[in-house]
1. Specify which residue in the list Ser202, Ser191, Met254 is farthest towards the positive end of the charge dipole of segment 135-272, using unit charges on the beta carbon of Lys, Arg (+1) and Asp, Glu (-1), about the Cα centre.
2. Just to make sure I understand: if all protein chains stay in place, what is the order of Leu90, Leu149 by accessible area at 1.4 Å, largest first?
3. Within segment 216-257, find all residues whose amide N lies under 20 Å from a label point positioned 7 Å from the Cα of Asn270 along Cα-to-beta-carbon.
4. Could you do me a favour and compute the accessible area per residue for segment 97-201, 1.4 Å probe, result in Å²?
5. Can you put Leu208, Leu184 in order of accessible area, largest first, using a 1.4 Å probe?
6. Kindly identify segment 183-251 as rounded, prolate or oblate by the Cα gyration tensor criterion: order the square roots of the eigenvalues as a ≥ b ≥ c, call it rounded if a/c is under 1.5, otherwise compare a/b with b/c, prolate if a/b is larger, else oblate.
7. Using a 1.4 Å probe on the protein heavy atoms, what percent of the accessible area of segment 123-213 belongs to carbon and sulfur?
8. Can you classify segment 92-139 as rounded, prolate or oblate using the Cα gyration tensor, where a ≥ b ≥ c are the square roots of its eigenvalues, rounded means a/c under 1.5, and otherwise it's prolate if a/b beats b/c and oblate if not?
Amino acid sequence: MKKQLYRIRAFIAAISIMTSLCFCSCISLSDLTKLNSSKTDSSEELPTADRSVLTERQKEILAANSLPTDIDELSYKQKAGIMDIEDAFLYLDEKYPGVEFEYGSHMSAGLMNTEYTKVVPAGYDRSDDRNVVTVSYDRDGNCSDDYMLVVVREAMENVIIDYLENYFGKDNFKVYVHPMGTDLEFGDEISEETVIGGNVRSVAELLLPDDICSEEKLNEFAEAYRSVYGVYRCRLSATITKREDFDNFTYENMYDDTEITIIYNLEIRNNK
């Protein structure tokens, strides 16, 4: 019996960062525009955009979306949006000197939503929404971001892959890791040694083919993994499916209409 990936989607949706490619009521985007976040001069205090002029970075964003690059030709909402985007880049310039980001999207504040700007670190796969950094604004205009969760993901995923390969063998599983929190900061060493021991807290989707893993074997694995959970701090949602479904499955399938046979599913977390 075929089942849509409702359980997988529900598990991932709670922690996934989806890349929206539009300004809400502001500017519509057709793609990601690469912009160097270090183009703008920084100062000792966190700078904010001059609302009377446009920077070259702002003009590039507007031009890429077929919008006027003359500030006097922009609507009030367009002007507010492009200024808030520049504030986000200035914040990133100050906090992560030397790091380049590619502009993704901006959501203006509304009655039901929080204002945010989405970017992708240069060199990261822009098609993977786990690489999207969200700069959020509170009611006072202060910024916060989740850049470090993007930075630690590759190392954390490699750690989990190594553990799974020792148990199931290489290429016998698919796993997608989503960091949820980290104690590591910008400038810290990021490696497979530093992300374990509780420095990174994650969740992950684990997919296994039925010719490799049985319900009994998955239960045995769960017991072994729980005994070392404190080392990895990564909660797993493990699913056994048909080999054909496993072979055809990709990360993007969790967000489309792809159906797979869910033979057995198990949430694996700390015993406590």
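The values are calculated or read from the model by the stated rules, or taken from the named source; none is laboratory data. Just so we're clear, the structure is a prediction, and the values are computed from it rather than from any experiment. Positions of Cβ are backbone-derived with ideal geometry, glycine not excepted, and every protein chain shown enters the neighbour counts. For the accessible areas, the whole protein counts, side chains as well, though only heavy atoms, and no ligand, DNA or RNA atoms are used. Shrake-Rupley method; radii C 1.70, N 1.55, O 1.52, S 1.80 Å.
1. The Cα lying farthest towards the positive end belongs to Ser202.
2. Values: Leu90 10, Leu149 40 Å².
From most accessible down to least: Leu149, Leu90.
3. Correct set: 222-238.
4. Details: 4990 Å² over 105 residues.
Result: 48 Å² of accessible area for each residue.
5. On the way: Leu208 0, Leu184 20 Å².
Result, largest first: Leu184, Leu208.
6. Details: a/c = 3.65, a/b = 1.82, b/c = 2.01.
Oblate, since a/c reaches 1.5 and b/c is not below a/b.
7. Values: 1640 of 4140 Å².
Looking at segment 123-213 in its full context, I get 40 percent from C and S.
8. Judged from the Cα gyration tensor, segment 92-139 comes out oblate (a/c at least 1.5, b/c at or above a/b).
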